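Everything below concerns the one structure shown next.
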Amino acid sequence: MGVTSLSSSFGSVEPSVVRPVRPRVTELRLSAFAVHRRAVIPLDGVFTLLTGVSGSGKSSALRAYAALARLAGGAELGEVFPDPVHCVPEEALPDAQQRRGFRIGCTADGPAGPVRLDLAVQVEPELRVVGERLSAEGTVLLETALVDPGRPAVQAAWHTAGSAPVTRAPLPDDRLGTALLPLRVAGKTDGQRRVLAAAEQMVVALRSVFVCDPHPARMRAPVPNGSGRLLTGCDNLADVLWRTRTECSRRHAHLVAALRAGCAAPATDVVAELRTDGMVRAWLERDNGGRTELARLGDGELRYLALALVLLTGPGVLEVDPPGEVPDALQALTVLADGFDRCLDARQRIELARLAVRMGERGHMHCVGTVGDASWAAGIDGVTVVHLDP
């Protein structure tokens, strides 16, 4: 599986020599993952659409990205890949020790410059990390390898550039070593500080991810109050609407403007109400003075409402796990939306794409979505379309 073309006709941003202040993932590498072989997917636009025929690997690309994000947050390998055999390329043959696995990686750009992460995972006969490499400007900053299959650890070596060129120590074989480095590296030498800067940049870039897949059937009924941040499936949409309308009138006004542009019957407001039983219900107020409960909205209108809210908000409202020690001003949220255009009509697709570009150009958010056909995005400045080949 590979990338055959990057459609610059759908908008591009001139390359800049200035390093981004907010770390972000600019490239996804799927050396051997599901249907992908040696695929390099550019993600440096503010809004990237992955397109291709069914089976070209659009969903699996987002799945790999989301998996790296969870690993960067400290999740164990088994949590991230509960059914890992489906990540192994179907044609991959076991080696002499009957081992099979997959390889994924990414590049994160930021103040430390482009930093590469490459990860090799063994699935059979048992799930474990067998190799990891963190590098920058041709220098290997961290490298791990499975030395003793009988021990639940990999041997790690990281750049020191002090009295000893590298430091060696065992690391767990079920975690991402890069995410553990800030706890293991003292930062006393220039080399150690370089390792820390690269590792922290990669972790910050990966962790600020929100996987968004609104399920209209779950969004129609009243929901309990106090559920907190918006869930991946947007099940608690009514409760989050109640919260955001109270917290930020400016953001709410932008949401109403988006609804007016994308709904067949124009809305003058979106309102949520806390009932006496502790449940929250929501509705749209219409130009004619009527109201439409969420329960009566079609799938397209509900997905449009949920995606617009996601694009207009941030980590404080969405169910993400950003690094708490990093100021919000130094983080850029990435929204992953598989089936971005599902159930949406032509006007809704275009309005959401324009909204994603506007928010992305502010530098606080980027969006990566998948679509079967991206022809509707032609002419929308700021949209980058990446074609995947089966």
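The values are calculated or read from the model by the stated rules, or taken from the named source; none is laboratory data. Keep in mind that this is a model prediction, so the values were computed, not measured. Please note: Cβ atoms are built from the backbone with ideal geometry, for glycine as well, and neighbour counts cover all protein chains shown. Side chains included, ligands, DNA and RNA excluded: accessible areas come from the protein's heavy atoms. Shrake-Rupley method; radii C 1.70, N 1.55, O 1.52, S 1.80 Å.
Do we find a residue being in contact with a helix residue (DSSP H, G or I) (Cβ under 9 Å, 6 or more places away or on another chain) and at pLDDT below 90 anywhere in segment 305-312?
Quick first cut of segment 305-312, residues in contact with a helix residue (DSSP H, G or I) (Cβ under 9 Å, 6 or more places away or on another chain) only: 305-309, 311-312.
After this cut, where a residue has to be at pLDDT below 90 as well, the list is 312.
Yes: segment 305-312 contains one or more residues that are in contact with a helix residue (DSSP H, G or I) (Cβ under 9 Å, 6 or more places away or on another chain) and at pLDDT below 90.
Only a single item in (1) open to solvent by 10 Å² or more (accessible area, probe 1.4 Å); (2) under 27 Å from residue 50 (Cβ atoms); (3) not hydrophobic (A, V, I, L, M, F, W, C) is not met by residue 105, and it is number (1).
Criterion first (among the β-branched types (Val, Ile, Thr), open to solvent by less than 40 Å² (accessible area, probe 1.4 Å) and outside any loop (DSSP other than H, G, I, E, B)) does residue 203 satisfy it? Walk me through how you get there before you give the answer.
Details: among the β-branched types (Val, Ile, Thr): yes; open to solvent by less than 40 Å² (accessible area, probe 1.4 Å): yes; outside any loop (DSSP other than H, G, I, E, B): yes.
Spelling it out, residue 203 is indeed among the β-branched types (Val, Ile, Thr), open to solvent by less than 40 Å² (accessible area, probe 1.4 Å) and outside any loop (DSSP other than H, G, I, E, B).
Every condition in (1) under 12 Å from the mean Cα position of the chain (by Cα); (2) farther than 29 Å from residue 200 by Cα; (3) among the charged types (D, E, K, R) is met by residue 24 except one, and the failing one is (2).
Taken over segment 157-207, residues that are among the polar types (S, T, N, Q) and in contact with a Pro (Cβ under 9 Å, 6 or more places away or on another chain) amount to 1. Report yes if residue 293 is under 27 Å from residue 247 (Cα atoms), modelled with pLDDT under 90 and touching a Lys or Arg at 6+ places or on another chain (Cβ under 9 Å), otherwise no. When the stated conditions are applied, residue 293 does not pass them.
Could you tell me which of the residues 132, 124, 79 is under 26 Å from residue 44 (Cα atoms) and of a type in the set (Asp, Glu)? Step through it out loud before you land on a result.
On the way: 124 fails: under 26 Å from residue 44 (Cα atoms); 79 fails: under 26 Å from residue 44 (Cα atoms).
When all the criteria are applied, what remains is 132.
What about residue 139, is it modelled with pLDDT under 95, within 30 Å of residue 363 (Cα to Cα) and hydroxyl-bearing (Ser, Thr, Tyr)? Answer is yes for this residue. Kindly indicate whether any position in segment 168-178 is in contact (Cβ under 8 Å) with a residue 60 or more places away in the chain and assigned to a helix (DSSP H, G or I). Within segment 168-178 (the criterion being in contact (Cβ under 8 Å) with a residue 60 or more places away in the chain and assigned to a helix (DSSP H, G or I)), the answer is yes, since at least one residue qualifies. Criterion applied to 213, 269 was being surrounded by fewer than 23 Cβ atoms within 10 Å (Cβ to Cβ), assigned to a loop (DSSP other than H, G, I, E, B) and either hydrophobic (A, V, I, L, M, F, W, C) or at pLDDT 90 or above (or both), and the one residue passing it is 213.
Residues in segment 116-135 that are closer than 16 Å to residue 106 by Cα, surrounded by fewer than 21 Cβ atoms within 10 Å (Cβ to Cβ) and not polar (S, T, N, Q): 5 in all.
Among the residues of segment 56-91, those identified as open to solvent by 20 Å² or more (accessible area, probe 1.4 Å) and either on the phi > 0 side of the Ramachandran plot or not in a helix (DSSP H, G or I) (or both) are 73, 74, 76, 82, 83, 90, 91. For segment 147-183, filtering for residues that are crowded, with 16+ Cβ neighbours inside 10 Å and closer than 25 Å to residue 24 by Cα leaves 10.
Residue by residue through segment 185-198, note down the ones that are within 31 Å of the chain's Cα centre (by Cα), more than 22 Å from residue 24 (Cβ to Cβ) and surrounded by fewer than 17 Cβ atoms within 10 Å (Cβ to Cβ). Within segment 185-198, 186, 187 meet the criteria.
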